[in-house]
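Comments concern the structure below.
The values are calculated or read from the model by the stated rules, or taken from the named source; none is laboratory data. Source: prediction; values computed, not measured. Every residue, glycine as well, gets a Cβ built from its backbone with ideal geometry; the counts of neighbours run over all protein chains shown. To get the accessible areas, we keep the full protein, side chains included, count just its heavy atoms, and leave off ligands, DNA and RNA. Shrake-Rupley method; radii C 1.70, N 1.55, O 1.52, S 1.80 Å.
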Amino acid sequence: RPVVLEGVGAGAVATGSWEEAALCAKYGDRVFHAGGYDWKLAEYCKYARSNSDDQPLYLFDPTFSNTAPQLANEYETPVCFTDDLFDLLDGDRPGTTGGAGALSAAETAEAEARAMIDGTASHRVVGGKGGACSYQDAGDKVSRPDYRWLLLGGIRSGQSWHQDPNGTSAWNLTLCGRKRWLFFPPNSIPPGVRPSFDGDEFVTPVSLGEWARGYYREACAVEGFQECETLPGDVMFVPRGWWHMVVNQEAYTVAVSHHFLSPATLSNTLKLLRTKPHQVSGIDRGLSRNRGANVTRKQATESDDHLAIALPLALSLSRGF
């Protein structure tokens, strides 16, 4: 079930780095992605405070660690969510060879696991002096899908009903402002959401306000419906498959969110990757740019380039376990 971990991220809030004045002073000229457009951060913050849109544009950026790498060091993953199998696809750590630079026993074990999960001999563990080993790159890596986002918006902005992609669970740390969360269990489709016949796609009302006016009362009467609020420092845990909708409650609301693959849900993710590769997301932004946000099952299934990315990802995971 969804759980609010109150105050777990209080340390990140206490630094003051996420306050609007501090963030804009340091990153105001940096470009972030919001609502299909690129914005300078300072310009977007002005928009978030002043707009009267029924559905305000929402800064939802999976590349913030490239745009502003220092931000990735301004918070920590809660220890209860550090067991993320997709980390094994990251391959960002530089390898060393032999002698003083050799890996420890613990690092060697991790390197062996990483080499095993990559599966296609793209990495190898090389023996060093005294039985120590080093981790070397031997070719192209299988990269993990997009997994972390900077989320920033004003009142009424947020995300309509959805389930997180790639069979992942998620944690979301509120850093400034307040966020309201609404939930339905995986097998309970929220009122107003219309799935396709095969369940691969679904349609929701245009705006969060439209859904609230038309369906909120109905939702409250449905068994399994849950809602809560997170404050600065609170971490929201969203289990795999749970429907959720998020609405920002203040003029400046900031959060970071991570999707992760738990060992407990690995089999579900492998099944998705093997049987529905067209549903895999976050693996190549070029595909989404060229085809738009909504790619039909037929288009994606017939696309060799999409399958060429999705299926090796499934095989890399399955060979490691």
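Residues in the stretch 159-175 that are part of a strand (DSSP E or B), under 25 Å from Asp84 (Cβ atoms) and of a type outside the set (Phe, Trp, Tyr): Gln159, His162, Ser169, Ala170, Asn172, Leu173, Thr174, Leu175. Can you confirm whether Phe32 is outside any loop (DSSP other than H, G, I, E, B), touching a Phe, Trp or Tyr at 6+ places or on another chain (Cβ under 7 Å), open to solvent by 50 Å² or more (accessible area, probe 1.4 Å) and under 23 Å from Leu208 (Cβ atoms)? Here the answer is no, as Phe32 does not meet what is asked.
When the stretch 237-263 is filtered for residues that are more than 13 Å from the chain's Cα centre (by Cα) and open to solvent by less than 10 Å² (accessible area, probe 1.4 Å), the ones remaining, listed by number, are His244, Met245, Val246, Asn248, Thr253, Val254. Ser50 meets each of the listed conditions (1) exposed (fewer than 15 other Cβ atoms within 10 Å of the Cβ); (2) under 19 Å from the mean Cα position of the chain (by Cα) apart from (2).
Being over 30 Å from Val206 (Cα atoms) and of a type outside the set (Val, Ile, Thr) is a property that Asp29 has.
Selection of the stretch 13-29 for residues being out of contact with any Pro (no Cβ under 9 Å at 6 or more places or on another chain) and surrounded by 18 or more Cβ atoms within 10 Å (Cβ to Cβ) yields Glu20, Leu23, Cys24, Tyr27. Could you tell me whether Thr97 is surrounded by fewer than 16 Cβ atoms within 10 Å (Cβ to Cβ), modelled with pLDDT under 50 and β-branched (Val, Ile, Thr)? Yes: the conditions hold for Thr97. Every condition in (1) assigned to a loop (DSSP other than H, G, I, E, B); (2) of a type in the set (Asp, Glu); (3) open to solvent by less than 80 Å² (accessible area, probe 1.4 Å) is met by Glu223 except one, and the failing one is (3). Selection of first residues in the stretch 65-84 that are open to solvent by 40 Å² or more (accessible area, probe 1.4 Å) and of second residues that are assigned to a helix (DSSP H, G or I), restricted to Cβ pairs under 9 Å at least 6 apart or on distinct chains, gives the following pairs, ordered by first then second residue: Gln70/Lys26; Gln70/Tyr27; Glu74/Ala12; Glu76/Gly11; Glu76/Ala12; Asp83/Pro263. Looking only at the stretch 31-50, residues that are in contact with a Gly (Cβ under 9 Å, 6 or more places away or on another chain) and of a type in the set (Asp, Glu) come to 1 in all.
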